[in-house]
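**Q** Can you keep this structure in mind? I'll have questions shortly.
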Amino acid sequence: MAHRGNRAAAPENTLASFRQAFEVGAEILETDVHVARDGEFVLIHDSTLDRTTEATGAVEERDSLELASIRASRGWPGFENERIPLLRDLLSLVPQDRALVLELKSKRFLERSVCERLALRLESQNLLNRVAVISFDRPILDAFRAAVPEIPIGLVTLKHLRPPAGLDLVGPAWPALFLNPLFVFEAHRMGMLLAALDPASNARLLLYCLLGCDAVLTDDPGATKKRRDQIRSWICPGERQLRSRADVKETRGRSKGAPHNREEE
């Protein structure tokens with residue numbers, strides 16, 4: 001799961017970062033959603049503009065057209081044309097075989113109408129069955145579930161040592177998996193998916209694979225995917241062998257059905 005896009009290669013939460021995440025094979029894209037003064041959904045992590053853009057002040061005190069004109073490269077050479085993206089800009093970029101996780105950052109999502117508008121925007125791009133929403137704020141998730149029950153919800157948490165009930169997804173801080181090695185098992189028993197809150201996940205990727213985590217958060221999706229594939233070959237060496245045997249069997253089947261060509265003898 002690409003955390004704010006490919007942060008290792010481009011400024012976070014920009015269209016360039018999102019594109020590069022998909023290009024290196026990220027299967028899930030995670031980004032942050034605020035609500036502009038005019039009600040439009042904008043993609044930026046902080047509640048203020050100061051850290052990631054050339055502007056200052058609160059995100060939600062500006063209209064979306066003004067926000068979309070603000071440069072978001074913030075010191076990254078070669079990305080001077082990147083601006084704060086609107087959600088609608090991202091939705092058209094998501095490939096058909098990828099999923100989207102939206103972290104709801106605004107208290108405006110306590111409003112039923114705002115949640116319903118987000119769902120309509122996702123539905124317009126046929127993304128309802130490939131999206132989940134997450135938050136650190138449980139009341140926001142409960143409000144969203146009441147308004148849009150068909151979209152999965154997930155809690156990101158720094159304090160829970162066991163999965164909280166009533167969720168589809170859970171993202172515990174990674175030390176919780178050391179303090180409670182059964183955390184993943186318990187989440188699965190409760191019908192939840194789990195991805196640890198750990199953007200620098202490569203150092204603990206083997207553990208996450210062994211525990212059976214359903215997704216891995218990462219700031220460097222290209223490197224993480226490569227490392228994950230290596231670990232899979234170690235843990236499940238038979239998987240590659242079985243695939244090879246299936247390929248051979250399929251090739252032999254085609255050969256038996258093909259006309260005999262004496263010139264090939």
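None of the figures in this text is laboratory data; all of them are computed from the coordinates on show. Keep in mind it's a predicted model, so treat the numbers as computed, not measured. Cβ: placed from backbone, ideal geometry, glycine included. Neighbour counts: every protein chain shown.
**Q** Compute for the chain: radius of gyration divided by Kirkwood radius, i.e. Rg/Rh, restricted to C-alpha atoms, rounded to two decimals.
**A** 1.07
**Q** Counting only other residues whose beta carbon sits under 14 Å from that of R117, what net charge do I get with K and R as +1, D and E as -1?
**A** Net charge around R117: -1.
**Q** Please report, in Å, the Rg and the Dmax of region 79-203, where both are computed over Cα atoms only.
**A** Radius of gyration, then largest Cα-Cα span, for region 79-203: 15.7, 47 Å.
**Q** Using the Kirkwood radius over C-alpha pairs as Rh, can you work out the diffusion coefficient of region 77-116 via Stokes-Einstein at 10 °C, viscosity 1.306 mPa s, in µm² per second?
**A** The Stokes-Einstein estimate is 123 µm²/s.
**Q** Dipole of region 2-79, Cα-centred, from +1 at each Lys and Arg C-beta and -1 at each Asp and Glu C-beta, to the nearest 20 debye?
**A** About 320 debye.
**Q** Among all helices in the chain defined by DSSP H, which have a length of 15 Å or more along the axis from Cα atoms plus a Kyte-Doolittle mean of at least -1.0?
**A** For the chain, where a helix must reach 15 Å along its axis and average at least -1.0, the hits are 112-124.
**Q** If you take every DSSP beta bridge whose two residues both sit in the chain, what share of them, in percent to the nearest 5, is antiparallel?
**A** 20
**Q** Let me ask you something else. How large is the direction-averaged shadow of the alpha-carbon convex hull of region 63-149, in nm²?
**A** Orientation-averaged projected area of the Cα hull: 6.9 nm².
**Q** Treating only the Cβ of Lys, Arg, Asp and Glu as charged (+1, +1, -1, -1), what charge dipole size does region 61-168 show about its Cα centre? Round to the nearest 20 debye.
**A** For region 61-168, the charge dipole is close to 280 debye.
**Q** With a cut-off of 8 Å between alpha carbons and a minimum separation of six or more residues, what is the relative contact order of region 49-138 in percent?
**A** 21
**Q** Now, a different point. Among DSSP beta bridges whose residues both lie in region 1-99, state the antiparallel percentage, nearest 5.
**A** In region 1-99, DSSP labels about 65 percent of beta bridges as antiparallel.
**Q** Using the Cα centre of the chain as the reference point, and only Cβ charges (+1 on K/R, -1 on D/E), how large is the resulting charge dipole? Debye, rounded to the nearest 20.
**A** 900
**Q** Using the 10 angstrom Cβ neighbour count as an exposure proxy, how do W234, W174, W76 rank, fewest first?
**A** Ranked by crowding around the Cβ, least crowded first: W234, W76, W174.
**Q** Which value, in nm² and rounded to one decimal, describes the direction-averaged projected area of the C-alpha convex hull of region 1-114?
**A** 6.8
**Q** Next up: Choose one of N129, I140, F79: the residue whose Cα lies farthest towards the positive end of the charge dipole of region 61-179 (beta-carbon charges +1 Lys, Arg; -1 Asp, Glu; about the Cα centre).
**A** So the residue furthest toward the plus end is I140.
**Q** State, as an integer percentage, the relative contact order of the chain based on alpha-carbon contacts under 8 Å between residues 6 or more apart.
**A** 15
**Q** Find which of S92, T48, F22 sits farthest along the positive direction of the dipole of region 1-106, computed with +1 on the beta-carbon of Lys and Arg, -1 on that of Asp and Glu, about the Cα centre.
**A** Going by the charge dipole, the pick is F22.
**Q** How do the peptides 10-22, 181-193, 105-117 rank, highest first, by the average count of neighbouring beta carbon atoms within 10 Å per residue?
**A** For the peptides 10-22, 181-193, 105-117, the packing ranking is 10-22, 105-117, 181-193.
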